[in-house]
1. Find the residue count for the stretch 38-58, including only residues that are over 12 Å from the mean Cα position of the chain (by Cα) and not acidic (D, E).
2. Identify all residues within the stretch 48-70 that are more than 11 Å from V101 (Cβ to Cβ) and more than 14 Å from ligand 2 (Cβ to nearest atom); write none if there are none.
3. Give the residues of the stretch 28-47 that are assigned to a strand (DSSP E or B) and within 10 Å of H96 (Cα to Cα), sorted by residue number.
4. Considering (1) open to solvent by 60 Å² or more (accessible area, probe 1.4 Å); (2) part of a loop (DSSP other than H, G, I, E, B); (3) more than 15 Å from ligand 1 (Cβ to nearest atom), say which one L75 fails and leave the rest.
5. Kindly list, by first and then second residue, each pair from a residue in the stretch 1-20 that is more than 9 Å from ligand 1 (Cβ to nearest atom) to a residue that is in a helix (DSSP H, G or I) and open to solvent by less than 30 Å² (accessible area, probe 1.4 Å), limited to pairs with Cβ atoms under 6 Å and residues at least 6 apart or on different chains.
6. Can you name the residue in the stretch 30-65 that is among the aliphatic types (A, V, I, L, M) and open to solvent by 30 Å² or more (accessible area, probe 1.4 Å) and is also farthest from ligand 1 (Cβ to nearest atom) among such residues?
7. Select from the stretch 3-24 the residues that are within 13 Å of ligand 2 (Cβ to nearest atom) and hydrophobic (A, V, I, L, M, F, W, C) and write down the one among them that is most open to solvent (accessible area, probe 1.4 Å).
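The values are calculated or read from the model by the stated rules, or taken from the named source; none is laboratory data. On a predicted model such as this, the values are computed, not experimentally measured, just so you know. Every residue, glycine as well, gets a Cβ built from its backbone with ideal geometry; the counts of neighbours run over all protein chains shown. We work out accessible area using only protein heavy atoms, side chains counted, and drop any ligands, DNA or RNA first. Shrake-Rupley method; radii C 1.70, N 1.55, O 1.52, S 1.80 Å.
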Amino acid sequence: MTDCIFCKIAAGEIPSNKVYEDDRVIAFEDLNPQMPVHTLVIPKNHYSHIADGIPDDEMGYLFNAAVKVAEIKGLSESGFRLTVNTGADAQQTVHHIHIHVCGGAPMNSGSPKR
Ligand code: 5GP
Ligand code: ZN
């Protein structure tokens, strides 16, 4: 996708603070962190959102990568929250699927954006 900001980050065309990268996914720090740890994990392939026909192996790989990122960020013991905002009501603002990996402090139990 030529006009997708996260595709550009995945391609290295826009700089990011990289946390993890392999041939299928990249994780980088959120530009506007809402928690002490707030990292985004994306597939290098473009899918607009979680209901965009993502193959099972891609979906599984992405979520396992999010768990790996939580471990890298030191959240395994304390816990963390994975959030995937999808569509307008969820206030998805970047239309390339991304998992928010958040933690580092206690969170509210309601239904927050992230
Ligand atoms: P959404 O609201 O779509 O679930 O989350 C999009 C997230 O991407 C937001 O938390 C926002 O701060 C982050 N974001 C938007 N543009 C950029 C960017 O250019 N670089 C980084 N690192 N994060 C971004
Ligand atoms: Zn994209």
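1. Adding up the residues that qualify gives 8.
2. A51, G53, P55, D56, D57, M59, G60, Y61, N64, listed by residue number.
3. Within the stretch 28-47, I42, P43 qualify.
4. (1) is the only condition that L75 fails.
5. Pairs that qualify, where the first residue is more than 9 Å from ligand 1 (Cβ to nearest atom) and the partner is in a helix (DSSP H, G or I) and open to solvent by less than 30 Å² (accessible area, probe 1.4 Å), are M1/C7; V19/V69; Y20/V69.
6. Looking at the filtered set, the residue picked out is M59.
7. This residue is I5.
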